[in-house]
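The values are calculated or read from the model by the stated rules, or taken from the named source; none is laboratory data. In this text the structure is predicted, and so the values were computed from the model without any measurement. Neighbour counts are summed over all protein chains in view; Cβ atoms, including those assigned to glycine, are modelled from backbone coordinates with ideal geometry.
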2 protein chains.
Amino acid sequence: MGNGSYERLERRFARIADLNAAARTVRWYSLTYGPPGGEASRGHQLATLGGLAHELLVAPEAAEALANAEAEEPWQAANLREMRRQHGAAIAVPAALVEAKARAVSRAQAVWHAARAQGDFASFLPALREVVERAREEAQIKGEAQGLAPYDALLDSYDPGRRNEDVTAMFGELEAVLPGVIDRVRGGPKPPGPEGPRDSLERIARRMMAMLGLEERHVRLDESAHPFSTGERDDVRITTRYSGPPGEALMGVLHESGHALYTRGLPEDWRRQPVGRNRGMTAHESQSLSIEMQACRSEAFAVHYARLLEEEFGPDGAWEPARLYKVLTHVEPEPIRVEADEVSYPLHIAVRHRCETALISGALDPADLPGAFDDAVESLLGFRPPGPREGCMQDIHWAGGSFGYFPTYTLGALMAAQLAEAMREANPDLDRDIAEGDFGPLTGWLREHVHSRGCFDASSDRLVEQATGRPLDTGAFLRHIGNRYAR
Amino acid sequence: MGNGSYERLERRFARIADLNAAARTVRWYSLTYGPPGGEASRGHQLATLGGLAHELLVAPEAAEALANAEAEEPWQAANLREMRRQHGAAIAVPAALVEAKARAVSRAQAVWHAARAQGDFASFLPALREVVERAREEAQIKGEAQGLAPYDALLDSYDPGRRNEDVTAMFGELEAVLPGVIDRVRGGPKPPGPEGPRDSLERIARRMMAMLGLEERHVRLDESAHPFSTGERDDVRITTRYSGPPGEALMGVLHESGHALYTRGLPEDWRRQPVGRNRGMTAHESQSLSIEMQACRSEAFAVHYARLLEEEFGPDGAWEPARLYKVLTHVEPEPIRVEADEVSYPLHIAVRHRCETALISGALDPADLPGAFDDAVESLLGFRPPGPREGCMQDIHWAGGSFGYFPTYTLGALMAAQLAEAMREANPDLDRDIAEGDFGPLTGWLREHVHSRGCFDASSDRLVEQATGRPLDTGAFLRHIGNRYAR
């Protein structure tokens, strides 16, 4: 029956999970309802919650129990593997570096907010340099401890098991194809999507969530400056914004609903345990894109979407499904990543991947980032950003110290396409169901093959493999792009 | 320069403060926006946050630092005194009893919710008995550790320094006078207060909050089943409900705004430290009642209130100030405490005080509570509750294990009256200002004499004494009742 070490670890990691869950609640509150003047209190709360979770993770008692624990069945073994992974990553980095990076990030994010609006890279540079230096140290130390190259160690923290060699190869395949697709199908300025009063959009959003099987008893929809999703299996929160370009609010809801379905479908028996969480950011993004990109920017969904619009706005506000589909799949490169279409998006990510690998290796000095960024945009997307605001300063990720995160957006898109192929093979009637607004077969498949597995599989590649028969590659995504855009 | 112990304690108690603040955020979320299906996650979060705060408080390192710490100035000394008080109370009760009581409370609250609706005391009794037994143990153990009688030990946890002997004496003075006042001024069924669409009421509520100097940058207003207030100095949250009897929503906002002003006015230099928190529940209730009862159920405020109503609803929705004042000060005993008028309310509290002191001493068996409760209501308020739902089962406090809390409602009313007398002496024009909606002088006085002192004074009696020249007594309250109701 074991020596009790495993049981002690479950109790310890349940407390860590509770601290992380409370931090998610505080962060959600900050981004939705929290009064702006209360940031100081909330910052202290988050620092203390994070600090205590870290202390529980690196405590000598944890190390001892991890050394002695024995698993009695495969899920326990997977749970133990995830505990050891988290513990190993946490003890690798000295507390002094964790704090130095947190301070650098805090400063850089504040400077970024002010300097971005002015496109003032010179003001941002010293703070960015400090963050890059701390991230390089972190990458070095983590890499040494885990036997990984520095950038791989960073990638690994967002998508365990992912290696830059494979990312670079896959991105190369995308770069070889997508610019040509764009040249053939680009359509000029983006046409506006369906618009309407905020209350109407929110009603449609809630109908879409119900259509996807997200229950009000467990899932909230709120408003924030940028859409996001967070929460626990029984308490999921997504947001959207109604002030963006017409049509964006509802696509944001569909995207975040994909994340929410993942969280809702995680294995109930393993809640509050590491193995009960999602399989990293690539897997998470694959779920939002399974709903938004694969299922909903489709000819099939345009039929049901048009029905939802007509039911809300009446015949005068009606959209032809064909016109709607055209808007949903419009392609035209533009400077801002978060507004990019499905074909341009991976090239935006490739730009960032080139820059951040060079920043971490030291090949690129932060002072030279604007030029390197704009060169990459020009070579991959065919235009030069008008300035740093629409160039290397547009995203908060680097100011936030998140190097190695960007690739997971596109890896998630590849994974969504690969899952969709397998799903369509198993359910040839999927498009007919989607056109009728019946997402049961689709979400049922995702729940069985992805959501309910939590972290049982050791990596997102193993997860994809058990669902589709092979590790992640670019084949399905490029076939999907060909089918949707280059017919 | 001390031995560093004091500085270590400040860091430790700042973390405890952060954990408690995060718990307040999670609890607020549960009561406002949290989806009902997420209670399990939130329950785990709260248990872990509370457990870790307790561990930080009772750790041997804390005991050692408390034994060695030296304060260098009076505020540090007061902070140290509050640290020692919290530590002493926490180590007095064994962890096993804390957990047993938490389990009993959790069960009793669940049973209470279901049984109250049916007025089914028999179903509630076993769970209540369990809670009473745990509370009696707690009172015994805490009392022995602190050299206090059992019920005093419970009182002390809500209003440090308060003793039952004084409470009983003051309540006796109220019981001798208030029933006679009620007989003279009772007015039959309560007339409805100003009503209107929810959005209009919320607009007026926000104007009232602005009138009181509560800034949107730091203070939120939301909706919940029962009004409450919570939060930190820079991040205050109050709620009201719009579904209650006409007029109740706005009086709820005024009441909770009084609490919010206290939190907003706490000493900024001592945030995240024990001495930077409020001086217990009597002091807190004195602040809500300073605004709601002393300032706003007055002839002066009726003038400004009528103006706010007319500005929102136009001349057709206008109220004569005299008619408004009549509604605000209507007296008629009724079974439900939270709906009671200012004159009956202390008698509701006296009923509960009689019952809970007898439950804790063992003189009253929980099985006999309904009869004892109804007898007390009959003797003090002159009617017999129709059943347990409107009798001893109406409040959640006892199911929640909160014995010793009820008296602070009425002690707060006494304190508010005593502060108001001192305030009027210092500012003879107070009523003129209030009639014009100018609360600056009033809130300025409260901030100086109450809010900004935090826990600097060792007890609410010392706080009252420095503000008014004498400890708490019933004189000012009885004069106030005489002036307002028995002219």
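One table, with the values for the structure above:
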quantity	calculated
Test: A:V26 is β-branched (V, I, T), buried (at least 21 other Cβ atoms within 10 Å of the Cβ) and outside the structural domain of A:C455 (by the TED database)	yes
Tabulated pairs, the range B:382-411, first among the charged types (D, E, K, R), second in a helix (DSSP H, G or I), C-beta under 7 angstrom, 6+ apart or interchain	B:R384/B:D374; B:R384/B:V377; B:R384/B:E378; B:R389/B:R116; B:D395/B:R337
A:A53 vs. criteria over 25 Å from A:R103 (Cβ atoms) and more than 7 Å from chain B (Cβ to nearest Cβ)	no
Number of positions in the range A:2-42 that are over 21 Å from B:R42 (Cβ atoms) and without any contact (Cβ under 8 Å) to a residue 24 or more places away in the chain	7
Residue within the range B:313-321 that is surrounded by fewer than 19 Cβ atoms within 10 Å (Cβ to Cβ), assigned by the TED database to the domain that holds B:G193, of a type in the set (A, V, I, L, M, F, W, C) and at pLDDT below 95 present	yes
Enumeration of residues in the range B:94-109 that are crowded, with 19+ Cβ neighbours inside 10 Å and more than 23 Å from the chain's Cα centre (by Cα)	B:A104
Residue that is nearest to A:A376 (Cα to Cα), among those in the range A:169-205 that are surrounded by 14 or more Cβ atoms within 10 Å (Cβ to Cβ) and without any contact (Cβ under 8 Å) to a residue 60 or more places away in the chain	A:E195
Subset of the range B:265-285 that is buried (at least 24 other Cβ atoms within 10 Å of the Cβ) and of a type in the set (D, E, K, R) - its residue that is nearest to B:G193 (Cα to Cα)	B:E285
Residues that are surrounded by 19 or more Cβ atoms within 10 Å (Cβ to Cβ) and not aromatic (F, W, Y), drawn from the range A:13-23	A:R15, A:I16, A:A17, A:D18, A:L19, A:A21, A:A22, A:A23
Any hit, the range A:110-131, residues being closer than 30 Å to B:Y29 by Cα, more than 14 Å from every other protein chain (Cβ to nearest Cβ) and part of a helix (DSSP H, G or I)	yes
Some residue of the range B:35-46 being facing chain A (nearest Cβ under 7 Å) and of a type in the set (A, V, I, L, M)	yes
In the range B:338-378, the residues that are surrounded by fewer than 20 Cβ atoms within 10 Å (Cβ to Cβ) and among the acidic types (D, E)	B:E339, B:D365, B:D368, B:D375, B:E378
Filter result for the condition that a residue is more than 14 Å from chain A (Cβ to nearest Cβ) and either touching a helix residue (DSSP H, G or I) at 6+ places or on another chain (Cβ under 8 Å) or at pLDDT 95 or above (or both), over B:R27, B:R107	B:R107
Test result for A:E82, closer than 27 Å to A:T240 by Cβ, under 25 Å from the mean Cα position of the chain (by Cα), of a type in the set (D, E) and not assigned by the TED database to the domain that holds A:E223	no
Any hit, the range A:209-228, residues being of a type in the set (V, I, T) and within 14 Å of another protein chain (Cβ to nearest Cβ)	yes
Lone qualifier among B:G213, B:G180, B:G196, B:G172 - being modelled with pLDDT under 95 and of a type outside the set (K, R)	B:G196
Filtered residues of the range A:229-239 (kept if more than 8 Å from chain B (Cβ to nearest Cβ) and either surrounded by fewer than 19 Cβ atoms within 10 Å (Cβ to Cβ) or among the basic types (K, R) (or both))	A:R237
Verdict on A:V343 being more than 14 Å from every other protein chain (Cβ to nearest Cβ) and within 23 Å of A:P227 (Cα to Cα)	yes
Selected residue (criterion: surrounded by the fewest Cβ atoms within 10 Å (Cβ to Cβ)) from residues of the range A:439-487 that are part of a loop (DSSP other than H, G, I, E, B) and free of Cβ contacts under 8 Å to residues at least 60 places away in the same chain	A:R487
Pair list, Cβ under 7 Å, 6 or more apart: the range A:310-336 residue within 30 Å of A:A376 (Cβ to Cβ), other residue hydroxyl-bearing (S, T, Y)	A:T329/A:Y485; A:V331/A:S344; A:V331/A:Y485; A:P333/A:S344
